[in-house]
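Student: After the structure tokens below, expect a handful of questions from me.
The values are calculated or read from the model by the stated rules, or taken from the named source; none is laboratory data. Everything numeric in this text was worked out from a predicted model, so none of it was measured. A quick note on method: Cβ atoms are made from the backbone with ideal geometry, for glycine too, and the neighbour counts reach across all protein chains shown.
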Amino acid sequence: MAVLITSVTAAGGPQIPSGGSTPHKTLDFTGRVIVSGFVDIKDGPQGQALGSAQAIAGTAFDITVNNLDAKKYEFVAVHRDTQDSSEPWVITVT
């Protein structure tokens, strides 16, 4: 997979598995890309970008998403140039 989310943590808190829930409104996403470029974290592949960062192939990227509403999200990392996206990381913000 060209884009991969490897972990999600609550800001300053615990790691949140896919399928998990959290009361935290700020989440930190870590992942990797095969091709360098900008990566957006979205709610679904066609969703609006919630956060973004420059990613370099072979190194981890970190993106913080703030001010999340209480709802179920299907977070994906999307490479802006290739439009490749990660598998969804499902989190319910309570």
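Student: Is there any pair with a first residue in the stretch 21-41 that is part of a strand (DSSP E or B) and a second that is basic (Lys, Arg) whose Cβ atoms are under 8 Å apart and which are 6 or more apart or on different chains, and what are they?
Tutor: Final answer for the pair search is GLY37/ARG80; PHE38/ARG80; VAL39/ARG80; ASP40/ARG80.
Student: Something else: Give me the pairs, please: first residue somewhere in the stretch 42-68 and of a type in the set (Phe, Trp, Tyr), second residue anywhere and surrounded by fewer than 15 Cβ atoms within 10 Å (Cβ to Cβ), beta-carbon distance under 9 Å, and either six or more positions apart or on two chains.
Tutor: Cβ pairs passing all conditions: PHE61/GLN54.
Student: Please determine, by comparing only the residues of the stretch 43-58 that are within 10 Å of VAL78 (Cβ to Cβ) and either touching a Gly at 6+ places or on another chain (Cβ under 6 Å) or among the small types (Gly, Ala, Ser) (or both), which one is surrounded by the most Cβ atoms within 10 Å (Cβ to Cβ).
Tutor: SER52
Student: Only one of SER18, SER52, SER7 is at pLDDT 95 or above, assigned to a loop (DSSP other than H, G, I, E, B) and among the polar types (S, T, N, Q). Can you tell me which?
Tutor: SER18
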